[in-house]
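Okay, structure first, notes after.
The values are calculated or read from the model by the stated rules, or taken from the named source; none is laboratory data. Quick caveat: nothing in here was measured; it's all calculated off a predicted structure. For neighbour counting, all protein chains shown are included, and Cβ atoms are generated from backbone atoms with ideal geometry for every residue, glycine included.
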Amino acid sequence: MSKTEFSIWNAIKFGFKAFFYNFVTILIGILFLFVLGCFLDKLSDIISGYPAIITCINMVLGWIVIFWFNFSLSRIALMYYDHRSVSISALFSSWELFFRYVSAEIFSWFVLLLAIVGVFIKDFDVLYPINVIVSGLWAVIGVPLCIVIMVRTQYISYLIIDRDSGIIESVKDSWNMTRGYTWKLIKYNVICGIINIIGVTLPATLLSRAYVYRFFFPVQSEQSDFL
């Protein structure tokens, strides 16, 4: 596919097709996620009287489980797009990439948090009126900038999975390859968000990201063996 334009509609269709084609594998992952979630909730009740550090550790474990599920979905989507065999083992392999993947996801969440916190600076009355001015400027300049950073770097986790890239290298590659597609990517993410609000389709829209990723980063002849 030449790097001219990508179809949002085709990306969404691919996500749903990949979801239904790999439904059993994804369902097992969802059930595993549910069981682990219940276990961590029960554990949270048991350790409620323990020091805060124990509760924090439990919370971190919960986030790791969520990251694991997203990591597995990303791998399944790429394998399906590349016509590779997808099995249950895809849910529990390539752990050597997992913590690098988590670092990439934390980076994305940090940018989002930065956008949100900047807007709510106005609530710090002790800094009045500076807080109102800073919050207003941030809403006009900072939030759009954070959105651009998020959409331009949203494929760093895929680069880690697909090409075994480092964090910094992935950020640079994602930023460079998505140049000129910012508005299209914002539109794509908004549509995915609307679809998720309408129905429980988060796995399908997450899978659709592989289609857009492959538009920017086609399969290489020396394709990574980590998939």
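Looking at LYS3, is it modelled with pLDDT under 85, within 23 Å of ILE161 (Cα to Cα) and among the charged types (D, E, K, R)? It is true that LYS3 is modelled with pLDDT under 85, within 23 Å of ILE161 (Cα to Cα) and among the charged types (D, E, K, R). Taking region 5-26 as the range and being among the hydrophobic types (A, V, I, L, M, F, W, C) and either within 12 Å of LEU73 (Cβ to Cβ) or surrounded by 13 or more Cβ atoms within 10 Å (Cβ to Cβ) (or both) as the test, the residues that pass are PHE6, ILE8, ALA11, ILE12, PHE14, PHE16, ALA18, PHE19, ILE26.
Filtering region 74-88 to residues that are among the β-branched types (Val, Ile, Thr) and modelled with pLDDT of 85 or more leaves only ILE76. Of all residues in region 163-172, how many are touching a Leu at 6+ places or on another chain (Cβ under 6 Å) and among the charged types (D, E, K, R)? Counting residues in region 163-172 that are touching a Leu at 6+ places or on another chain (Cβ under 6 Å) and among the charged types (D, E, K, R) gives 0. The set of residues in region 143-179 that are closer than 14 Å to SER103 by Cα and not in a helix (DSSP H, G or I) comprises THR153, GLN154, TYR155, ASP164, SER165, GLY166. Number of residues in region 14-27 that are more than 20 Å from the chain's Cα centre (by Cα) and of a type in the set (A, V, I, L, M) equals 1. Of all residues in region 180-222, which are at pLDDT 85 or above, more than 19 Å from SER74 (Cα to Cα) and of a type in the set (S, T, N, Q)? THR182 - this is the single residue of region 180-222 that is at pLDDT 85 or above, more than 19 Å from SER74 (Cα to Cα) and of a type in the set (S, T, N, Q).
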